[in-house]
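The values are calculated or read from the model by the stated rules, or taken from the named source; none is laboratory data. Values in this document were obtained by computation on a predicted structure and should not be read as measured data. Neighbour counts are summed over all protein chains in view; Cβ atoms, including those assigned to glycine, are modelled from backbone coordinates with ideal geometry. For accessibility, only protein heavy atoms count, side chains too; no ligands or nucleic acids. Shrake-Rupley method; radii C 1.70, N 1.55, O 1.52, S 1.80 Å.
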Amino acid sequence: MHPAPSVIIFTTLSGLGFGLLFFLGLGQPAVTGTVAFVFYAIAFGLACGGLLASTFHLGRPERAWRAFTQWKTSWLSREGVCAVGALSVMGLYALGAVFLDSHWTLLGWTGAAFSLATVFTTSMIYTQLKTIPRWNIELTPAVFLSFSLAGGALLAGAEAAAPWLLAIAGAVQLAYWVKGDKALETSGTNLGTATGLGERGAVRAFEPPHTGSNYLLREFVHVVGRKHAQKLRMIAFILGFALPLFLILTPVQGVLIKHLFAALAVLSHLAGVAASRWLFFAQAEHVVGLYYGKR
């Protein structure tokens with residue numbers, strides 16, 4: 001698929017924002033007053049910025065509110081409900097922390113649950129699509145959740161949890177790439193099933209069905225060269241997990257240097273996740289490509 005910048009921004013920023021809200025809801029860090037305001041401003045800025053970016057790839061953004069009415073059947077609708085729930089509950093929790101120097105534990109845990117549920121429902125929008133075997137695997141939700149938790153831990157300064165969560169997220173990413181590369185082949189979908197001619201024997205493309213491009217080819221058929229994909233994967237893995245892990249585990253002297261290393265770890269992770277997200281969409285092998293002989 002052709003990766004739209006708005007979708008990459010949405011999945012990257014919202015995952016990081018809701019990850020931070022998850023840790024803040026659990027009381028990590030247990031900040032109040034002005035410091036709490038800064039943390040919540042960053043968390044809400046990332047989460048809301050990501051959600052706003054998602055509206056740019058809607059055909060009719062003014063009708064986005066209608067998505068909330070289909071929560072019984074639509075993962076997109078469930079994502080919207082969970083996002084509103086997370087932002088509302090954590091907004092109240094933030095008021096207590098910033099203005100009343102109080103942490104309302106039950107409210108915080110509820111907001112944390114909604115935050116994690118938002119990330120999960122986002123992942124299920126893609127996981128449910130059987131037309132894209134690379135997404136239609138159980139590791140897709142694991143990728144979204146592990147990335148969100150690792151990024152949230154980095155932003156929250158959760159020194160004990162961050163290294164473990166980064167390592168887990170990196171391992172999940174590698175496993176996803178390995179399994180995803182075989183997903184289309186093992187899905188049982190081929191040129192025969194795509195054309196409906198498989199029962200008559202082996203099917204091969206003699207000529208393309210169209211002499212020119214069309215909507216399906218523009219939107220759902222995007223081929224990334226293997227060499228380029230491998231280079232981008234290396235960049236995504238190093239920036240997203242290896243370098244942040246190195247930065248936060250390196251012993252340094254002085255509060256300023258420590259904060260500088262932490263900030264660099266967050267920026268590196270953000271860049272790595274963005275590269276991974278680009279690959280996530282660019283390497284999505286929609287089965288319609290089989291019909292056009294592109295797979």
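What the table below lists for this structure:
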| read-out | value |
| --- | --- |
| In segment 121-135, the residues that are farther than 16 Å from ARG277 by Cα and either more than 12 Å from the chain's Cα centre (by Cα) or basic (Lys, Arg) (or both) | GLN128, LEU129, LYS130, THR131, PRO133 |
| Residues (within 24 Å of THR11 (Cα to Cα) and surrounded by 18 or more Cβ atoms within 10 Å (Cβ to Cβ)) located in segment 94-119 | ALA94, GLY108, THR110, GLY111, ALA112, PHE114, SER115, LEU116, ALA117, THR118, VAL119 |
| Any hit, segment 173-187, residues being surrounded by 22 or more Cβ atoms within 10 Å (Cβ to Cβ), assigned to a helix (DSSP H, G or I) and in contact with a Gly (Cβ under 9 Å, 6 or more places away or on another chain) | yes |
| Test result for VAL81, at pLDDT below 95, in a helix (DSSP H, G or I), open to solvent by 10 Å² or more (accessible area, probe 1.4 Å) and under 22 Å from GLY45 (Cβ atoms) | yes |
| Complete set of residues in segment 131-148 that are touching a residue at least 24 places away in the same chain (Cβ under 8 Å) and either among the polar types (S, T, N, Q) or outside any helix (DSSP H, G or I) (or both) | THR131, ILE132, PRO133, ARG134, TRP135, ASN136, ILE137, THR140, SER146, SER148 |
| Qualifying residues in segment 261-292 (those that are assigned to a helix (DSSP H, G or I) and in contact with a Lys or Arg (Cβ under 9 Å, 6 or more places away or on another chain)) - the one surrounded by the fewest Cβ atoms within 10 Å (Cβ to Cβ) | VAL288 |
